[in-house]
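K.L.:
Okay, here's the structure, questions in a sec.
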Amino acid sequence: MRTVLVVEDSRSQRECISHQLRCSGLNVIQASDGVEALAKVEKNCPDLVLLDVIMPRLDGYGVCRLIKANPETRNIPVVFLTGKGQQLALFSRFQGDRAEAYVSKPWQPRELLATIKKVLLNANIKFDRASADAWTEYGILNLNTVELYQSHADAWTKYSAQIIKLYDSSLAAFEQALAIEPSHSNANKYRNRVQTIRAILMKKLEQTQPCKVCDYYYGKDGINCAVHPAGRPQELCRDWEFN
């Protein structure tokens with residue numbers, strides 16, 4: 001059974017699409033924004049990603065670029081789900097983001113299913129060995145995405161977890177490049193730069209880190225989080241952000 005990751009910030013639309021895909025025999029996992037989508041791709045390696053364009057935290061274009069730049073996920077096909085008002089922008093960026101197809105909102109179930117099945121049928125499932133250059137480019141793209149977060153005035157208080165994760169991803173990519181080609185000058189230069197920046201940010205994180213009662217005590221000796229007694233929320237609260 002093929003697995004499709006449905007990425008849509010509207011819960012009603014996400015559930016509706018998921019129901020339609022399940023009824024057609026597909027396995028479905030869901031994500032409500034771009035950051036969650038990347039985590040689900042990394043964890044589940046779906047056969048296809050159905051991706052909304054306008055989303056909080058990281059938009060569909062950014063998600064698609066990171067999926068396609070990552071040597072471990074670049075063969076996963078992406079289908080954009082876009083409103084009519086977004087189509088002109090989509091046409092101009094379509095090739096650059098390397099998505100396989102798009103479906104317009106409001107979508108027609110038959111068109112959506114036909115597009116997904118056609119893309120799955122034509123998907124290139126060959127996973128060739130990535131070069132050091134490919135890993136380096138992916139690392140640099142992660143750093144470019146960090147800049148998008150850091151352009152916000154409240155970047156550190158609101159997006160610290162995403163920023164650290166992106167630095168970790170870029171560092172891992174440069175390490176992969178150097179494992180393939182130890183003398184790769186760009187990978188070595190960027191790795192050293194990221195290691196320095198990350199060390200500074202971790203010190204800053206330790207100074208601004210919130211209370212970690214949820215992390216240390218949740219469920220132990222009958223002590224639960226007063227704010228989230230049922231457990232970790234779907235949308236992270238600051239007390240769960242650094243687990």
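The values are calculated or read from the model by the stated rules, or taken from the named source; none is laboratory data. Only a predicted model underlies this, so the values are computations on that prediction, with no experimental measurement involved. To get the accessible areas, we keep the full protein, side chains included, count just its heavy atoms, and leave off ligands, DNA and RNA. Shrake-Rupley method; radii C 1.70, N 1.55, O 1.52, S 1.80 Å.
K.L.:
Could you sort out which of K165/K189; K105/K165; K68/K118 sit more than 29 Å apart by Cα distance in this structure?
P.N.:
Too far apart for the 29 Å limit: K105/K165.
K.L.:
Hey, another quick one. Could you tell me the accessible area of T3 in Å² (1.4 Å probe, neighbours in place), rounded to the nearest ten?
P.N.:
Only protein atoms counted, so the area is about 30 Å².
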